[in-house]
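Asks: Would you mind keeping the following structure in view while I ask a few things?
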Amino acid sequence: MKRMDQINVIPFIDVMLVLLAIVLTTATFIVEGRLPIRLPTAESQAEPAVTEPVEIAIDAAGQLYWAGEGLGMGPAALAELAPRLAALSPQTPVVLRVDAQARFEAFVGVIDRLKVQGLERVSILTRRS
């Protein structure tokens, strides 16, 4: 049997380096919330722009709806949707409700129109299982 005359410190060093990394990472998050910053004053203060989300829905038959108003089906509905999307600001939130039985083609068509117009604040509604 081999006799151990020395203490192996390599595992101790590994543990200390991990603890150091955790402390340094945590310390940066703690400091961010407590910085003493005095905000400048202004005579006029604009309210943040709150935009109501636009709702687009697709039913099981593939019928497209804009805020509850039926637009039709297929390419004609997508053509009617395009100018409405063009009138929106890029920061406008869009809520997309799609029936589970709807054809995927209709969903992809709407997503494609949203991308073309630069609307990226899109939420897809689902239900909990």
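Please treat every number below as a calculation from the coordinates, not as lab data. Remember, predicted model here, so these are calculated numbers, not experimental data. No Cβ is skipped: glycine too gets one built from the backbone with ideal geometry, and neighbour counts run over all protein chains shown.
Asks: So if the hydrodynamic radius of the range 54-124 is defined as the Kirkwood radius over C-alpha pairs, what does Stokes-Einstein give as its diffusion coefficient at 25 °C and 0.890 mPa s, in µm² per second? Don't jump to the answer; show the numbers that get you there.
Replies: Values: Rh = 11.8 Å.
Approximately 208 µm²/s, per Stokes-Einstein.
Asks: Also, I was wondering about something else. Phe12 to Met73: extension gain in nm, 0.36 nm per residue of separation minus the Cα-Cα distance? Kindly include the intermediate steps, with their values, before the conclusion.
Replies: Details: separation 61, 0.36 × 61 = 21.96 nm, distance 6.74 nm.
Once the chain is fully extended between Phe12 and Met73, it gains 15.2 nm.
Asks: Return the long-range amide H neighbours of Val122 (sequence gap of 5 or more, or a different chain), with a cut-off of under 5 Å between placed amide H atoms.
Replies: Distant-sequence amide H within range of Val122: Val94.
Asks: Using the number of other C-beta atoms within 10 angstrom as an exposure proxy, rank Glu80, Glu69 with the fewest first. Could you put the intermediate results ahead of the total?
Replies: Numbers: Glu80 13, Glu69 8.
Fewest-to-most ranking of Glu80, Glu69: Glu69, Glu80.
Asks: While we're on this one: Multiplying the sequence separation of Leu88 and Phe107 by 0.36 nm and subtracting their Cα-Cα distance, what value in nm do you get?
Replies: Values: separation 19, 0.36 × 19 = 6.84 nm, distance 1.94 nm.
Taking 0.36 nm per residue and subtracting the Cα distance, the gain is 4.9 nm.
Asks: Neighbouring Cβ atoms within 10 Å as the yardstick, rank Val94, Val15 fewest first. Can you show the working numbers first?
Replies: Numbers: Val94 19, Val15 10.
Fewest-to-most Cβ neighbours within 10 Å comes out as Val15, Val94.
Asks: If each residue's Cβ is checked for other Cβ atoms within 10 Å, how do Glu52, Glu43 rank with the fewest at the top? Working shown, then result.
Replies: On the way: Glu52 9, Glu43 4.
Listing Glu52, Glu43 from fewest to most nearby Cβ atoms yields Glu43, Glu52.
Asks: Rounded, prolate or oblate: which fits the range 63-102 when a ≥ b ≥ c are the square roots of the eigenvalues of the alpha-carbon gyration tensor, with rounded for a/c under 1.5 and prolate only if a/b beats b/c? Please report the intermediate quantities before stating the final value.
Replies: Numbers: a/c = 2.26, a/b = 1.32, b/c = 1.72.
Oblate.
Asks: If I take R0 = 35 Å and measure r between the Cβ atoms of Arg127 and Glu80 in this structure, what FRET efficiency does the formula 1/(1 + (r/R0)^6) give, to the nearest 0.05? Don't jump to the answer; show the numbers that get you there.
Replies: Working: r = 28 Å, r/R0 = 0.80.
For R0 = 35 Å, the calculated efficiency reads 0.80.
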